[in-house]
């Protein structure tokens, strides 16, 4: 988790910035698309882990 | 289950429609090896044309530019998707995961069987594209549209449709497989098998499945649109119809980089499994390695644009992606340092699996290091699309698929078939492959740095490449010997399967669970009762024990040491 | 590995080669030490009778400290490469100087065409010069290119100039370079573009100033008479 | 989680947790698939200032809003099917399942009607990227609704045969997971494609 936080803290600003440079809508389209797709896997994996933990709450014995 | 697993079985249930994870692993293994032969044949034809331009390749004829483009495309597709994935992901996951975590079978055995047969179907669809009108797809294995989106640019229609269909079927198959591996891993571990007692091979196979799982969706979305462009006349990728060619690259490489790890991580897992067994030492830094793998996985999802540095996307995206890409060197540096440290002060035996493991380490290191050139956006301005790239990814894929894969095959061969392979033939196979692999691909770095572009059908057209004429012929000869060097393996593989000396349950004196089961393990693996795990997987040469290893299933009271505490 | 790079003829070529050599030095160091250690370890720690392996799990910081140290070095070198690379990248691909000569490049399946604006300095006028296959440029001048493609993705590649840029159809992609030497050089397509990809070759012809003016005048004369 | 089923081969019924994890993983890949499609949609949507492009019809926002409601209702019915089953009311569970399927089918029929009208107005797969995206994105979701409905009907059949009970509600629960996913996607897609 610490690593995820690190990656996002360091990298996200770097990605955010190009947005303000994208001049034409044409370029903006690809930016938003890239920006949208970047966090999705992490969100889904996060949701899945949370869900599985909830499903099996009492059953988990290791930390 | 539809059939009684313990009684005598009919041929069809035992060998064709088997739901036994070990039989399915063997099916994947054989299919992958057969596809590797096809892939090797395409490599032979391409290398012939590059080494001896415009002469007849023995056994085929003249490799014309259109055929060359098809061969380039099919070689990449077959080797990455139809050799690497079935051998490393499917065969190994199927065989190793249930045995190492103590399960009796996969979580969904019938889904597993279905997954294999869908994979066979996709192989058939792909190979069929050689025989349809227009021939095989010719747009490169990356299939960049608009070249791949419309018949008018390549003259290939049905080949392209079959290519997309084959990929879609394959991804469906591997999605089913991945659900199986992950669910099995999460829910069917035997008592005592905590997350930090799971053997490395299983961890890395699971990592590979994770990498595949959350990256394949966008590619399927892209493939659906590419298929529609080809058959329904839409224009998602065709600028004349308002489309956007970069979209495909974006979706393809979103999948593409995790895909590299899908193939690479299982190989690392095998090698990490083999190193402690043959150096009689615990793996160095178990937790560090597992966390590094997680970090590499996370990073693999945010680097994909490094394949698109000079594709015409906004250049301001290049620097951040360059940084993330080069950062990937950090987790892999940790893993490789830990591997090297595992050798230190060990007691190393150079049996065939260990040779392949060390060969993997030695060659993959080169692949990893040259990746730094290509991760740097500005170096990429010159190196993009040259043979330097070709050499780089062959130095990553080849060690993964073949060095890592053969390490795994030789290591688990006694467990797979219950017989020992011939050690001498195994070593001959290794040295032939190791020497001629390097003889083939090392010069390709030089040729690439000299400016030879990939996917060109005839290097004699280029003035700057005149100096490489002899070198190209030499590379071709080395490549042919490399292919011939696989003959000892084929012989060894099939001969030992029937005639090799019988293997006992634990020939390598290894500590993980799969060596508890008989060789080969029966359906259900464990007999009446499941094993219980008491210690970590790599308890070798403990100073407090007389025996030089402690298997995971041996109750030894409370053991000290971090691996034991987990 | 890089001793057979094509000769460098552009102003920024040395920067790109510099990055290559920098990475080469770093990577070469790791290559030699790590492969060296691998061979050493395999020879030194071969199995011998009566010698037992040392039990070491690497789970403590004390055991891991040299790994951590090496990783710190790796991180430092990574950022060194990143920052050096970012400057060069900006120079080649981001900060376009205003060009002394503007040329429109048209790529289509398997041919290059170059359009010069002619005497009035404007494109799409009657005096545009259209030249197939050979790209004529003056030496020591900033050349500003606009790359277009009619059909599929091509890639405009001048190996000696160290310039490569994919061309997307339906889009105008900018590029620039400045050559330091007269002569005849290679121009190739670097992105698989179909059947004739291999033969999609052009020529980069670098003139001195007077030679370029003379060529322009002669071409204009041929075209309009 | 460490408590593995004693013997998964001998057991004819899949263990509940394993099946749910499998379904959750499958939904995860499906979500990534839609993420890819949405990503593609964004490229064109953000990249084109004029949306919909000139000469292309506007989408039926109001009737589709009604349709959204239908789909959301069906999800509520599906929840009822599980909760009644868990309370031991297998018959009423089957009734709610039936209602879920009917509303799912109703959604599809309404969508189909709108599609026919759109085609008459000149919005086809090939008329523009706009049309292509619309039919691909909404069509793929429609296929998922169809698959979901088929799954619900299959579970309904087994429910009528009396295969589920308060002690073993697995099939209905799995169907609900998938149906929830399909329904939860829709408002997002509706917002992106119709409203944005």
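The values are calculated or read from the model by the stated rules, or taken from the named source; none is laboratory data. Computed from a prediction, not measured in an experiment: that's the story for all the values here. Here the Cβ is made from the backbone with ideal geometry for all residues, glycine too, and neighbour counts use every protein chain on show.
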- Task: Tell me, please, whether a residue that is buried (at least 20 other Cβ atoms within 10 Å of the Cβ) and without any contact (Cβ under 8 Å) to a residue 60 or more places away in the chain can be found in the stretch B:95-111.
- Result: no
- If we keep just the residues of the stretch C:94-114 that are assigned to a strand (DSSP E or B) and either within 25 Å of residue C:195 (Cβ to Cβ) or without any contact (Cβ under 8 Å) to a residue 24 or more places away in the chain (or both), which is nearest to the other protein chains (Cβ to nearest Cβ)? C:108
- Message: facing another protein chain (nearest Cβ under 8 Å) and surrounded by fewer than 19 Cβ atoms within 10 Å (Cβ to Cβ): is that true of residue C:5 in this structure?
- Response: no
- Query: From the list C:32, C:39, C:27, which one is more than 13 Å from the chain's Cα centre (by Cα) and facing another protein chain (nearest Cβ under 8 Å)?
  - Reply: C:27
- Note on the structure: For the stretch B:346-383 the number of residues that are assigned to a loop (DSSP other than H, G, I, E, B) and closer than 30 Å to residue B:549 by Cβ is 5
- Message: Quick test for you: out of C:70, C:77, pick the one residue that is more than 24 Å from residue B:540 (Cβ to Cβ) and in contact (Cβ under 8 Å) with a residue 40 or more places away in the chain.
- Response: C:77
- Quickly run through the stretch B:226-251 and pick out the residues that are more than 7 Å from every other protein chain (Cβ to nearest Cβ), in contact with a helix residue (DSSP H, G or I) (Cβ under 8 Å, 6 or more places away or on another chain), farther than 15 Å from residue C:168 by Cβ and buried (at least 24 other Cβ atoms within 10 Å of the Cβ). B:226
- Somewhere in the stretch B:156-165, is a residue at the interface with another protein chain (Cβ under 8 Å from one of its Cβ atoms) and surrounded by 24 or more Cβ atoms within 10 Å (Cβ to Cβ)? no
- The lone condition residue C:91 fails out of (1) within 14 Å of chain B (Cβ to nearest Cβ); (2) loosely packed, with under 14 Cβ neighbours inside 10 Å is (2)
- So is residue B:208 within 12 Å of chain C (Cβ to nearest Cβ) and either surrounded by fewer than 24 Cβ atoms within 10 Å (Cβ to Cβ) or under 16 Å from the mean Cα position of the chain (by Cα) (or both) or not? no
- Qualifying position, being part of a helix (DSSP H, G or I), away from chain A (no Cβ under 14 Å) and closer than 23 Å to residue D:165 by Cβ, among D:74, D:63, D:92: D:92
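A quick yes/no check of all residues on (1) part of a loop (DSSP other than H, G, I, E, B); (2) over 16 Å from the mean Cα position of the chain (by Cα); (3) at pLDDT 95 or above; (4) farther than 25 Å from residue B:375 by Cα:
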site	(1), (2), (3), (4)
C:5	yes, no, no, no
C:14	no, no, no, no
C:65	no, yes, no, yes
C:70	no, yes, no, no
- Note on the structure: Filtering the stretch B:182-194 down to residues that are in contact (Cβ under 8 Å) with a residue 40 or more places away in the chain, in a helix (DSSP H, G or I) and within 13 Å of chain A (Cβ to nearest Cβ) yields B:183, B:185, B:187
- Message: Please return the ranges of helices (runs of 4 or more DSSP H) entirely within the stretch B:407-526 where 3 or more residues are closer than 21 Å to residue B:267 by Cβ, out of contact with any strand residue (DSSP E or B) (no Cβ under 7 Å at 6 or more places or on another chain) and within 14 Å of chain C (Cβ to nearest Cβ).
- Response: B:423-449
- Right, residue C:224: more than 7 Å from chain B (Cβ to nearest Cβ) and under 17 Å from the mean Cα position of the chain (by Cα) or not? no
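One line per residue, one yes/no per condition, for (1) facing chain C (nearest Cβ under 10 Å); (2) under 24 Å from the mean Cα position of the chain (by Cα):
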site: B:269; (1), (2): no, yes
site: B:278; (1), (2): yes, yes
site: B:300; (1), (2): no, yes
site: B:310; (1), (2): yes, no
